[in-house]
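Colleague: Just dropping this structure here.
The values are calculated or read from the model by the stated rules, or taken from the named source; none is laboratory data. Treat the numbers as computed from the prediction; the structure is a model and nothing was measured. A quick note on method: Cβ atoms are made from the backbone with ideal geometry, for glycine too, and the neighbour counts reach across all protein chains shown.
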Amino acid sequence: MRAKREFRDRDDVSVSVLDALVERGEEGMTVFELRSHVDAGIDEIEPALTELKDDDLIEVDRSGGQTLLKPDPRVVPEDPEDDEPSLFDALRDKLPF
């Protein structure tokens with residue numbers, strides 16, 4: 001599952017982080033799990049997490065003995081069809097901008 005379209009106007013790493021967190025949903029992910037799902041180094045993931053947190057698009061849950069990152073509920077599509085990329089999204093992903 002992918003994050004809602006209105007939250008995809010970001011750099012590739014931020015979008016990949018959001019998508020990975022949306023896929024995991026309420027379960028959340030540790031930074032190490034996230035790193036294994038995002039094709040970027042920790043030096044790229046860390047600023048993306050900071051930006052997403054500053055924009056209130058992710059939540060940090062420190063309960064349960066570990067830190068879990070979760071998507072803000074407004075980022076998660078309610079309708080699975082919202083998950084499908086539009087023609088514009090597909091072209092943007094293919095073309096180097």
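Colleague: Could you say whether any residue in segment 45-65 is loosely packed, with under 10 Cβ neighbours inside 10 Å and either at pLDDT 95 or above or in contact with a Ser or Thr (Cβ under 6 Å, 6 or more places away or on another chain) (or both)? Walk me through it before giving the result.
Modeller: So the first thing to find is which residues in segment 45-65 are loosely packed, with under 10 Cβ neighbours inside 10 Å, and the list is 54, 62-65.
If we keep only those that are either at pLDDT 95 or above or in contact with a Ser or Thr (Cβ under 6 Å, 6 or more places away or on another chain) (or both) as well, we get 54.
Taking every residue of segment 45-65 in turn, at least one turns out to be loosely packed, with under 10 Cβ neighbours inside 10 Å and either at pLDDT 95 or above or in contact with a Ser or Thr (Cβ under 6 Å, 6 or more places away or on another chain) (or both).
Colleague: A further question follows. So, of the residues in segment 78-97 that are of a type in the set (Asp, Glu) and outside any helix (DSSP H, G or I), which turns out to be modelled with the highest pLDDT? So that I can check it myself, show each step before the final result.
Modeller: Taking segment 78-97 as the starting set, the residues that turn out to be of a type in the set (Asp, Glu) are 78-79, 81-84, 89, 93.
Add one more test, that the residue is outside any helix (DSSP H, G or I), and what stays is 78-79, 84.
On the way: Glu78: 84, Asp79: 70, Glu84: 58.
Ranking the candidates gives Glu78 first.
Colleague: Could you list, in sequence order, the residues of segment 61-77 that are under 13 Å from the mean Cα position of the chain (by Cα) and either free of Cβ contacts under 8 Å to residues at least 24 places away in the same chain or assigned to a helix (DSSP H, G or I) (or both)?
Modeller: Quick first cut of segment 61-77, residues under 13 Å from the mean Cα position of the chain (by Cα) only: 69-77.
Passing the criteria: Asp72, Pro73, Arg74, Val75.
Colleague: Output the residue which, of all residues in segment 1-52 that are assigned to a helix (DSSP H, G or I) and touching a residue at least 60 places away in the same chain (Cβ under 8 Å), is nearest to Pro77 (Cα to Cα).
Modeller: Taking segment 1-52 first, the residues assigned to a helix (DSSP H, G or I) are 5-7, 12-27, 31-37, 42-52.
Add one more test, that the residue is touching a residue at least 60 places away in the same chain (Cβ under 8 Å), and what stays is 5, 7.
Working: Arg5: 9, Phe7: 11 Å.
Selected residue: Arg5.
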